[in-house]
Amino acid sequence: MNDLTCDIGYKSINHVGEQLCGDHVEVVEQEDGSTVIVLADGLGSGVKASILSTLTSKIISTMLAAGLSIEECVETIAATLPVCSVRGVAYSTFTIIRLIRNQTAELIQYDNPQVIVLRNGENWEYPRTETTIGGKQIFRSLIRLQEDDVFIAMSDGCPHAGIGMAYNFGWKREDIIKFMEAMSLCGYTAKNLSTLLVDECNKLYGGEPGDDATSCVVRVRRRVPMNMLFGPPSNRDDGDRMMSLFFAKEGKHIICGGTTSSIAAKWLNKPLRASLDFTGDIPPIAYLEGVDLVTEGVITVNRVVEYAKDYIGENKHYEDWSFGKDGASLISRLLFEEATDINFYVGKAINPAHQNPDLPINFNIKMNLVQELSEALKKMGKRIKVSYF
Amino acid sequence: MKVTVCIGSSCHIKGSRAVVEQLQDLIAKENLNDKIELGGTFCMGKCQQGVCVTVDGEFHSVSPETVSSFFEKEIKEKV
């Protein structure tokens, strides 16, 4: 094992007027630390395409994860998929990216646009081997991973974007590469890179996509630890223990909560300076030497949870937290973009002032916030450890 | 003179932002910028009486509605 990790994110837009997407992305993690990602594009659009692509990606990811060969997967799909009554074929194209112990990527591609690989921010035409399985022409590649490698898998809805509207022949591969090269090393997450690509497609389609368009991005990066302190300990005497454990950890340190940051300030013997810069409706942040970010507690974290839930779903609000200067945006950038391993130090003290029924904050809400946040971060592929005090 | 406003969770919900902004306005209007240092702090431990404001260490309970009278009585007269 090395200290690399893969950040995986994807987004789809649907054919105009369709409620279901005919593309499907499936990510399965294996026990040995390998990951199988399948992007399948079903024939046509709507329900039928959705069924075809879901079946294809589920079958392939499950079979590969169980150690079966790609030949068996393809045969199974050919024998299992329902045959389209209009066209007389069972058909779904697919791209497989298999990440083996964060060291090697195996690409298996069937009829989707060729996966783009950006190495050090530039397009790299990697070697491919052609094989024929069950009459299907399949390209395979083995790539040794390097830090900052970016893999971009797409359904054909992406290069077809803008046909007859913005462009005569759609959004050409070279142009997609140029578009992505410019952004690949700016620190955008895989999810945001895929969102930027698909949103651009949507623009080229004039907001009315003529096909389902999906992109799935894998970004190879180094592990980055981060620590977040939230709430004072339930037993006052545990303060010192909590602080020494928290500050002993490698990586950046975030502290949320007024009382909590006062305890930290006392422990560090440094002054806590609160700013009065109100940006948006989130309380201002504060400054404390030795701590990377100090914010207010419940209101700020509540907003972070909202951003996190949106991020793993439709990702509509990334522009808010990507550039915002308020506490919630700052925490979101640190946790979603920068961190890969997050340690939460959660104090279970009950603030008597918060138990007022007129206030929308109380102890249960606080504990729920931690739960929801760590769930969402896990879905982003991060390793989470929560310790209660 | 040092005026400190709590910007913790409770006081935030009770309107500390409005209090800070009104105080900033009033101080600017009275040209007291060089005499008054307006600052923020996290929880003062008296959330029930928020919005918590201290003037040279002396505690006051203020709300967005009472800012101007508080300013006249506790800040303008004493500065």
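Where a number appears in this text, it was derived from the coordinates with a stated rule and is not lab data. Predicted model only: the values in this text are computed from it and were never measured. Backbone-built Cβ (ideal geometry, glycine too); neighbour counts: all protein chains shown.
Here are the numbers for this structure:
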quantity: Residue A:287 long-range amide H proximity, modeled H, under 5 Å; calculated: A:273, A:274, A:275
quantity: Antiparallel bridges, percent of DSSP beta bridges restricted to the protein assembly as shown (to nearest 5); calculated: 70
quantity: Local electrostatic count, residue A:17, Cβ distance below 14 Å [Lys/Arg +1, Asp/Glu -1]; calculated: -4
quantity: Positive dipole terminus of chain A, leading residue within A:194, A:21, A:327 (C-beta point charges); calculated: A:327
quantity: Electrostatic dipole magnitude of chain B [Cβ: Lys, Arg +1; Asp, Glu -1; Cα centre; debye, to 20]; calculated: 200
quantity: Rg and Dmax [Cα atoms of chain A; Å; Rg one decimal, Dmax integer]; calculated: 23.5, 75
quantity: Kirkwood-based shape ratio for the range A:20-156, expressed as Rg/Rh from alpha carbons; calculated: 0.97
quantity: Cut-off 11 Å, label 7 Å out along Cα→Cβ of residue B:2, residues of the range B:37-68 by amide N; calculated: B:37-40, B:55-58
quantity: Under Karplus coefficients 6.51, -1.76 and 1.60, residue-wise ³J(HN,Hα) of the range A:199-209 in Hz, glycine/proline x; calculated: 4, 5, 4, 4, 4, 5, 6, x, x, 10, x
quantity: Beta bridges per DSSP with both ends in the range A:225-388, % antiparallel, nearest 5; calculated: 20
quantity: Derived scalar couplings ³J(HN,Hα) [the range A:248-262; Karplus, 6.51 cos²θ - 1.76 cosθ + 1.60; whole Hz; x for Gly, Pro]; calculated: 6, 6, 6, x, 6, 10, 10, 10, 10, x, x, 4, 4, 5, 5
quantity: Relative packing of A:141-147, A:309-315, which averages over residues the other C-beta atoms within 10 Å, highest first; calculated: A:309-315, A:141-147
quantity: HN-Hα J in Hz across the range A:382-389 - Karplus 6.51, -1.76, 1.60, θ = phi - 60°, x for Gly and Pro; calculated: 9, 8, 10, 10, 10, 10, 9, 10
quantity: Segment residue A:144-residue A:350, length gained on full extension (0.36 nm per residue, minus Cα span); calculated: 69.1 nm
quantity: Cβ-derived FRET efficiency at R0 60 Å, residue A:208 paired with residue B:33, nearest 0.05; calculated: 0.65
quantity: Antiparallel bridges, percent of DSSP beta bridges restricted to the range B:2-76 (to nearest 5); calculated: 60
quantity: Highest average packing first - A:38-50, A:243-255, Cβ atoms within 10 Å; calculated: A:38-50, A:243-255
quantity: Cut-off 9 Å between beta-carbons: net charge of the residues surrounding residue A:42, Lys and Arg +1, Asp and Glu -1; calculated: -2
quantity: Residue-averaged beta-carbon neighbours from other chains (10 angstrom radius) around B:18-29; calculated: 1
quantity: Distant-in-sequence amide H partners of residue A:157 (H built 1.01 Å from N, under 5 Å); calculated: A:214
quantity: Inter-probe distance in nm under a simple model that places probes 7 Å from Cα toward Cβ, at residue A:384 and residue A:186; calculated: 2.8
quantity: Cα-centre dipole for chain A with unit charges at Cβ (Lys and Arg positive, Asp and Glu negative), debye to 20; calculated: 800
quantity: Amide hydrogen neighbours beyond the local backbone of residue A:229, cut-off 5 Å, H modeled; calculated: A:254, A:255, A:256, A:345
